[in-house]
Every structure is written in C-alpha cells, then in structure tokens.
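Beneath this line is the structure, given in structure tokens, with notes to follow.
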Protein chains: 2
Amino acid sequence: MYESYWQQMGEKTTVVIPGWQSMSYFSDVKNPCWFLEPEFAKQVVRLHNLVGNAVTEGRQIVVGTGSSQLFLAALYALAPKDASEPISVISAAPFYSSYPSMTDYLKSGLYKWAGDARSFDKEGPYIELVTSPNNPDGFVRHSMVNRTGGILVHDLAYYWPQYTPISSATDHDLTLFTVSKSTGHAGTRIGWALVKDPEVAKKMIKFIELSTIGVSRDSQLRAARILEVIINSSQNPGRPESGESFFKISHHLMAERWQLLREAVNRGRFFSLPEFQQGFCQFLNQVSQPQPGKQKFTEPLIKSCHLYNYLCNA
Amino acid sequence: MYESYWQQMGEKTTVVIPGWQSMSYFSDVKNPCWFLEPEFAKQVVRLHNLVGNAVTEGRQIVVGTGSSQLFLAALYALAPKDASEPISVISAAPFYSSYPSMTDYLKSGLYKWAGDARSFDKEGPYIELVTSPNNPDGFVRHSMVNRTGGILVHDLAYYWPQYTPISSATDHDLTLFTVSKSTGHAGTRIGWALVKDPEVAKKMIKFIELSTIGVSRDSQLRAARILEVIINSSQNPGRPESGESFFKISHHLMAERWQLLREAVNRGRFFSLPEFQQGFCQFLNQVSQPQPGKQKFTEPLIKSCHLYNYLCNA
C-alpha cells in the first residue's frame, strides 16, 4: 500500500551501492553490536525522537534480520542458561499466529511455548510477549500476568501514527520494531530492538552472530535512507526536496481503507468489526482513530469461522 | 583482499535500488523457495556451469542469510522430528571452530554436537559435516564415517579456483556455498544451498521462514550483480566491458600471499606450514597449487599453541 508513496518520492529514496563498498563482516567495531551500521542506528534514534513512540536514551540498539530474528534473540538472551527446564513463553490470545511455532520449532531446552497468558498459572519465571497494537486484532495491550519472575518483551511493530494514536514514548526493557510495518519495506528484512540491559543486549548480539553472523549491511543502508526520507518528509512537509509527510499520507490511506471496509461490512450480514477507542496522537497533534494494519474478522454466527484481512498488503 | 579488484571494476559492479522496489516479502511465488530472487538463482546456476565446481541440475536452490543460516537450516531439515534423542552432528577435527556452538547454543532437542568424526562410534543416525577444502587447514576432505544412517552436509565455501584446483563438478545431496568466500562480499550475508531432495529443501525453506521470514532481497540483488560481473570477466577477460578475469586475478593474489607467507615462515624457527598436493584445475586448465584462504599454524615444539592467520581478511 505504500509503494505509490515511495514512487512519488522519486530518486531521493534510491540507494546506490558500489561493488567495493561494505564488503567486510564488520559495520562498527567500537559498538558492542559490531554488525550495526552507524547510519542506520542514527536514523532509528532520529525517527523515535521525531515520532515520540519510544525512549532511545540509555538503550543498546540491536539490528536484526527482521524483528522475527530479534524475537528469537530475545528468547535466547532472556532464558536462564542453567535452568532445569525451559522457561515458559506466553502471550494473551489472540496472539501473532507464528509465536508458537517460532518458539518451539527447534525443541529448544531454553524456552518453550506455554500458550495464552490469561490462563497461565505455572509457578516460576516466564517471558510474556506484549504486542501493542496487537496482531491480529489491533487493540492496545499491556502485560496480563504481572508476577515476580516475569520478563516482558514488547513487540511494537504497529506502534506508528498511521495505525494508532501515539499516546506516549514507551520506556520498556526490551522493545521490538520493524521496517516492514513502519515503512512497508518487508523485503529488506530489517528490524531493531531497543534494549535497556547491556548484558541482555550482548546475548542477543551473540545469538545473531551464531545464527547469521550479523545482518545484511546493504539492507541496513537502504533502511537508513528510507528512514531519513520519512524524517525529512515529516520535518519539512510539502517542500520539493522533502515531499509530502509519510505519516500524514499513510494515516490518510489507512483511514480511507477502514472507511471502505466498515461500509462493506455494514452492508453485509456475516461479519462484524470491532469499535476502537479514539485517542490523542501526540505526533499528529489531533484526536485520532486506531486503524490497525491487520484485522481479524469474527463471523458472529459460526464462531469457528475466522477470516483475516491484511489491510496493508492489499 | 578483493576490494581493490572491485574498485578497479568500477560502475558495472554497482547496484541501484529505488525506494519503491522489492518492498514485498515475496521474490518468486512460483518457486518453493518463495524468497529466492530469480536473478540471483540464475547467476548461481551460470557461475557453477562456468566454474564446473557443482552440478546444479535437479537441485533446489535455497538462499540463506549467509551459509551459517543454511547450515542450521540443514540440521533442522535432516534431523528426524519424532526421535527419542537428538541426532548426532559430527565433523573430522580440525573443524570450523563455530560448528559446536552453532549446533548447541539453543539446546535443541533435534540435533546435538557429538565431536570429532574420527572417534565417533555411536550407533544410529548421524549428520556428518564435510568441509572441503577444510576450514581451518585447507585440505580436501571426504566423509570419514560412511555408515548406514549417515547423512552428509558438504560445506564447499572454499571450493573455488583461487583457493584449490577444481578437479570435478561435485554432485552431493546437500551442498553449501557463500558469497563471502567466493567473491569477498561477507557484509551482504548471502549464501546458497544446492539440495537434491525436494522434501529436505522444503524443510530448509520452512526453517528460514520461521527464523527470519526470508532473506534480504537487496543483498540478493547485489550478489546477483557481483556474480554476473565475475561470470562476464571470466568469459570475456580483458575486454573493457568485462574487465580482468576475477578468478585469474584472485588466484594470482593468493599465490603471492602464500609465497610471502612461506618465505616468512621459513625464515623463522617457530612455525611450520603444510605441503599441499598440487592438482589439475579444470577451470584454469592448468596444474595448480592449493592456496587456502585460511591457515592454521601449528607451532612444532609446543603443540598446544595454535595461531590462525586469516589470509583473505588481511
């Protein structure tokens, strides 16, 4: 859905990579995350400061091959290494459909999927995944369990102004973001984590070393350019050199799609859509409706029949 | 060490990626490996046909975020899913120093590092890693165990004309290659596997879906361009539009470095270098010396003291 925006933005979005550039494994030997491109890190900080959706001060940025890799890196980093049994990984239903298989496909002795956070009653430590706005239903989420020994991972892939009002700068221990949802560039496979505890960050970096020896430098350079264009478009909207504000245009696009969707659903008898609570968006400086990028339809009569509509991918 | 070659090759090595290109997760929905860029796959086949180092017919190409990811994908694909204990993973010593930690860091219930293939005597199925030329010692390798239930994974990262004579086109069940060793582009994190059994390939693809939801399209496009330049440089060497043959230049560079290295070692008393058997290289069409990209020095008096010299990274 963002393709036409990027087309209109023209050449300023283009990256040019000569054959002799970025050949080494290393992006920045002075950074604990030695495979993090400094230019990408710089634009991530600028973007969060601009949008106001996350505190970046006192955080290690860890780049990953999509936020999927960072999700797995977080499980590895947070799981106790000497425990007698794997730590439980939970999330409140409905949760991202890939969480269970991603957690369990290697039958790890470090962590294990333990299902719905709402019904979780096992003693001892656990990792709770908090996806907000939630995938697949778009609701703002907070942790459900709140017990001693609980460790939280916040997946904020959709916490951007086009999808939900930006109510405050989040200040969590470990937060995941991804380019695929914020800018639409899924094919670059770039995500990032903001990590408070340097020891946790080190273990995540170790995970990425062992699984892929770093992250594509080409994609990081491209993502850096894309973020820079978005930032400029928001700071100087409408000028020829900066173009139309990405977040305003994409917010408008989502609003149009949600209006069409609500009209279509209201004309039929078989599906319903949830009502979301509006809120004040600090970034857009206006009251704004949540308009999730993904939506689960629940058929009201036959409860077992679900349809997913991927609003952003249409 | 290849950086100056790529600089000399100039603009023909450059990739230009506009902001609206390759945004989707999908590279090729008709390929079982849906995240494989068709242009990259095409150049991989052309390169193997040119060099004659591997049969590509009847193989599924699986692209990975470096060959590390493909190594893990192979373990996942080859391990029995319903076994009572993890399958043993072995390799003849000295082996690639990261094999044990890569195999065991997630404490997988599917596979487990079982050490040196030469002393492996456990009953039942196993996966043997055959690295040839070997990392770290540069010798040509074949499988050591040869027992029923044995599954082989061939890591041929260094089976290129600049490092070793190309004696024949390999025809194994599962072979790994990587751009980082063949062209020097480690930072792109692109490797590929040639896989005979479509069911094994499918499981490797599933692994990559679950761990990183595909592979950077930007890096694949860049790797495709790099391989294309190499192919053209070998087919029409010396012409202005194709440049000097990459494999001839890099073979010459390695020969120079090995000569300097042998002279330095011979002047000292503390280190020795192995003698390699020369062979006929089908690609260079001449008798050629092995000149490994990595070399382990064994100090002859104090046997426990090892030094590694990374010839290609100097």
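The values are calculated or read from the model by the stated rules, or taken from the named source; none is laboratory data. Owing to the predicted nature of the structure, the values given are computational and were not obtained by experimental measurement. Using ideal geometry, Cβ is built from the backbone for each residue, glycine included, and neighbour counts are taken over all protein chains shown. Protein only, heavy atoms only, side chains kept; ligands, DNA and RNA dropped before computing areas. Shrake-Rupley method; radii C 1.70, N 1.55, O 1.52, S 1.80 Å.
Here are some notes:
- Inclusion of residue B:64 among residues that are at negative phi and of a type in the set (Gly, Ala, Ser) is warranted.
- For the range A:89-130, the set of residues classified as within 14 Å of chain B (Cβ to nearest Cβ), in contact with a helix residue (DSSP H, G or I) (Cβ under 6 Å, 6 or more places away or on another chain) and open to solvent by less than 20 Å² (accessible area, probe 1.4 Å) consists of A:89, A:102, A:111, listed by residue number.
- Single unsatisfied condition, residue B:12 versus (1) assigned to a helix (DSSP H, G or I); (2) free of Cβ contacts under 8 Å to residues at least 40 places away in the same chain; (3) within 9 Å of chain A (Cβ to nearest Cβ): (2)
- On the stretch given as the range B:44-88, residues that are surrounded by fewer than 23 Cβ atoms within 10 Å (Cβ to Cβ), within 14 Å of another protein chain (Cβ to nearest Cβ) and in a strand (DSSP E or B) total 1.
- Subset of the range A:15-27 [assigned to a loop (DSSP other than H, G, I, E, B) and either open to solvent by 40 Å² or more (accessible area, probe 1.4 Å) or farther than 21 Å from residue A:178 by Cα (or both)]: A:18, A:19, A:20, A:21, A:22, A:23, A:24, A:25, A:26
- Extreme residue, least open to solvent (accessible area, probe 1.4 Å), among residues of the range A:176-208 that are over 25 Å from residue A:160 (Cβ atoms) and at the interface with another protein chain (Cβ under 9 Å from one of its Cβ atoms): A:207
- Candidate set: the range A:267-285, residues that are more than 25 Å from the chain's Cα centre (by Cα) and exposed (fewer than 11 other Cβ atoms within 10 Å of the Cβ); chosen: the one nearest to residue A:234 (Cα to Cα): A:267
- Subset of the range A:83-111 [hydroxyl-bearing (Ser, Thr, Tyr), at pLDDT 95 or above and more than 17 Å from the chain's Cα centre (by Cα)]: A:88, A:101, A:103, A:105, A:108, A:111
Per-residue answers, yes or no, for (1) part of a helix (DSSP H, G or I); (2) at pLDDT 90 or above:
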site	(1), (2)
A:260	yes, yes
A:280	no, yes
A:292	no, yes
A:297	no, no
A:302	no, no
A:307	no, no
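- Qualifying residue in the range B:202-210 (condition: under 17 Å from the mean Cα position of the chain (by Cα), among the basic types (Lys, Arg) and within 30 Å of residue A:211 (Cα to Cα)): no
- Scanning the range B:212-223 for residues that are farther than 21 Å from residue B:47 by Cβ and touching a Ser or Thr at 6+ places or on another chain (Cβ under 6 Å) turns up at least one hit.
- Figure legend. Inter-residue proximity from the range B:215-226: first residues under 9 Å from residue B:39 (Cβ atoms), second residues of a type in the set (Asp, Glu) and modelled with pLDDT of 95 or more, beta-carbon distance below 7 Å, spacing 6+ or different chains. Indicated pairs: B:220/B:37; B:221/B:37; B:221/B:39; B:224/B:37; B:224/B:39.
- For the range A:218-238, filtering for residues that are over 14 Å from residue B:217 (Cβ atoms) and touching an Asp or Glu at 6+ places or on another chain (Cβ under 9 Å) leaves 7.
- Test result for residue B:276, part of a strand (DSSP E or B), away from chain A (no Cβ under 14 Å), under 24 Å from residue B:176 (Cα atoms) and not aliphatic (A, V, I, L, M): no
- In the condition set (1) within 14 Å of chain B (Cβ to nearest Cβ); (2) over 21 Å from residue A:48 (Cα atoms); (3) touching an Asp or Glu at 6+ places or on another chain (Cβ under 7 Å); (4) of a type outside the set (Asp, Glu), residue A:213 is compliant with all but (3).
- Of all residues in the range A:212-243, those being open to solvent by less than 10 Å² (accessible area, probe 1.4 Å), assigned to a helix (DSSP H, G or I) and not aliphatic (A, V, I, L, M) number 6.
- Checking A:229, A:215, A:200 one by one, the residue that is assigned by TED's automatic domain parsing to the domain that holds residue A:34, more than 30 Å from residue A:80 (Cα to Cα) and aliphatic (A, V, I, L, M) is A:229 and no other.
- Any hit, the range A:131-147, residues being without any contact (Cβ under 8 Å) to a residue 12 or more places away in the chain, more than 14 Å from chain B (Cβ to nearest Cβ) and open to solvent by 10 Å² or more (accessible area, probe 1.4 Å): yes
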